[in-house]
Amino acid sequence: MTQTKIAVIGGSGIYDIDGLENSEWVEVETPWGEPSDQILTGSLEGVEMAFLPRHGRGHVHSPTDVPYRANIDALKRLGVTDVISISACGSFREHMAPGDFVIVDQFIDRTFAREKSFFGTGCVAHVSVAHPTCPRLSDACETAGKAAGITIHRGGTYLAMEGPQFSSLAESKMYREQWGCDVIGMTNMPEAKLAREAELCYASIAMVTDYDSWHPDHGEVDVTTIIATLTGNADKGRAMVKGLPSLLGGERAPCPHGCDRALEYAILTAPEKRDPALLAKLDAVAGRIL
């Protein structure tokens, strides 16, 4: 058994955790650069917590420029075991209305201007992201969300676009009608892939703010409307987070789905061929296996 430490990566509108005891903003140095911001640490109902504002306080990082590798590495260095990603998203489904939450279980990655792996020349690894989110962690988010009175949908495919512009009407229709996506956002990739490489359980909560541009009765995405919905969603998100410690508990058994053992057979580079400089950078995310 290990100690549970829950991290929340907060997207647009969520910059802290209510009720956090012994809270402190800490700086974490990583070999991948600086994280998005300092990390708020503390405890909630006796369970250790960490909170990282994905865009930085004041929303200073665009989706493309978020330092995803540094963020995940920093959480791993702090001893985090479980990561809850909360982000604002558009919806492709009528029944997934603004104000609702969607527990994402699949992704289509359309980003192209981001570093997507901790590994590379000198230490090659291939992890499986067939099932990129942790069912155990998603179960807890669903239970906590419903207890907080949130309309929450279990399961959905998240289209990760590069941004920062929103979709064209043609793109929106294609993602919805031909690709079968349920929500669209700009930040869960490569975040989910990196969390898997770092052997962290990861759950993705999409807070619906709009219907993207496909909906005939809503027109194109309007930022002022999104911001108004964000305010209400942020309160719901914090209420959901407050219910997680009691559900996950202070002690943690190995993940039944193997998230915490994702690197077990993933590294292919022969030990004598591995680059020492890269190995040094991988000390946190892959130290268990290396």
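Readers should treat all values here as calculations from the given coordinates under stated rules, not as data from a laboratory. Everything numeric in this text was worked out from a predicted model, so none of it was measured. Here the Cβ positions follow ideal geometry from the backbone for every residue, glycine too, while neighbour counts run over all protein chains shown.
Below, the figures for the structure above:
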read-out: Highest-MSF residue in the chain out of I86, I103, I150 [GNM, Cα springs under 10 Å]; value: I150
read-out: Loop-exposed GluC sites (Glu not before Pro) per DSSP, neighbour cap 16 Cβ within 10 angstrom, longest uninterrupted part of the chain; value: 163-219
read-out: Cross-link table K146/K173; K76/K242; K5/K146; K173/K193, entries beyond 28 Å C-alpha to C-alpha; value: K146/K173
read-out: Distant-in-sequence amide H partners of G156 (H built 1.01 Å from N, under 5 Å); value: D105, Q106
read-out: FRET efficiency for A270 and M1, using Cβ-Cβ distance with R0 set to 41 Å, rounded to 0.05; value: 0.75
read-out: Low-density loop positions, chymotrypsin sites (Phe, Trp or Tyr not before Pro), region 21-125 - DSSP coil, at most 15 other Cβ in 10 Å; value: F112
read-out: Simple label model, 7 Å out from Cα along Cβ direction - A239 to E177, nm; value: 3.7 nm
read-out: Tilt relative to the chain, helix 135-147 - C-alpha long axis, 0 to 90 degrees, to 10; value: 40 degrees
read-out: Of the chymotrypsin sites (Phe, Trp or Tyr not before Pro) in region 191-281, those whose Cβ has at most 14 other Cβ within 10 Å and which sit in DSSP loop; value: Y265
read-out: Ranked list, fewest to most other Cβ atoms within 10 Å of each Cβ, for H55, H126; value: H126, H55
read-out: Sites R288 and A170 - FRET efficiency at Förster radius 35 Å, r taken between beta-carbons, to 0.05; value: 0.15
read-out: Pairwise centroid distance, computed over Cα atoms, of region 54-123 with region 243-290, Å; value: 19 Å
read-out: Table column - 3J(HN,Hα) (Hz), region 117-128, Karplus curve with 6.51, -1.76, 1.60, x for Gly and Pro; value: 8, 7, 9, x, 4, x, 6, 9, 9, 10, 9, 7
read-out: Extension gain, K146 back to A277 (0.36 nm per residue minus Cα-Cα distance, nm); value: 42.5 nm
read-out: Net charge, R114 excluded, C-beta distance under 12 Å - Lys, Arg +1, Asp, Glu -1; value: -1
read-out: Extension reserve of the R261-E45 stretch, reckoned as 0.36 nm per residue once the Cα distance is removed; value: 75.0 nm
read-out: Built amide H within the under 5 Å cut-off of G250, gap 5+; value: none
read-out: Base-10 log of normalised Debye intensity for the chain (one unit scatterer per alpha-carbon) at q = 0.08, 0.09, 0.15 Å⁻¹; value: -0.32, -0.40, -1.14
read-out: Sparse-neighbour loop sites [trypsin sites (Lys or Arg not before Pro); region 41-81; at most 16 other C-beta within 10 Å; DSSP]; value: R57
read-out: Rounded, prolate or oblate (a/c below 1.5 giving rounded, otherwise prolate when a/b exceeds b/c) for region 61-201 by Cα gyration tensor; value: oblate
read-out: Cβ charges +1 (Lys, Arg) and -1 (Asp, Glu), total dipole of region 231-288, debye; value: 200 debye
read-out: Hz values of 3J(HN,Hα) by residue in region 29-42 - Karplus curve (6.51, -1.76, 1.60), Gly and Pro given as x; value: 8, 9, x, 9, x, 7, x, 4, 6, 4, 10, 7, 10, x
read-out: For L268, L44, L244, order by how many other beta-carbon atoms lie within 10 Å, fewest first; value: L268, L44, L244
read-out: HN-Hα J in Hz across region 210-215 - Karplus 6.51, -1.76, 1.60, θ = phi - 60°, x for Gly and Pro; value: 6, 9, 6, 10, 6, 6
read-out: Debye-sum result for region 100-144 in log10 I(q)/I(0), which assumes one identical scatterer on each alpha carbon, at q = 0.14, 0.24 Å⁻¹; value: -0.54, -0.99
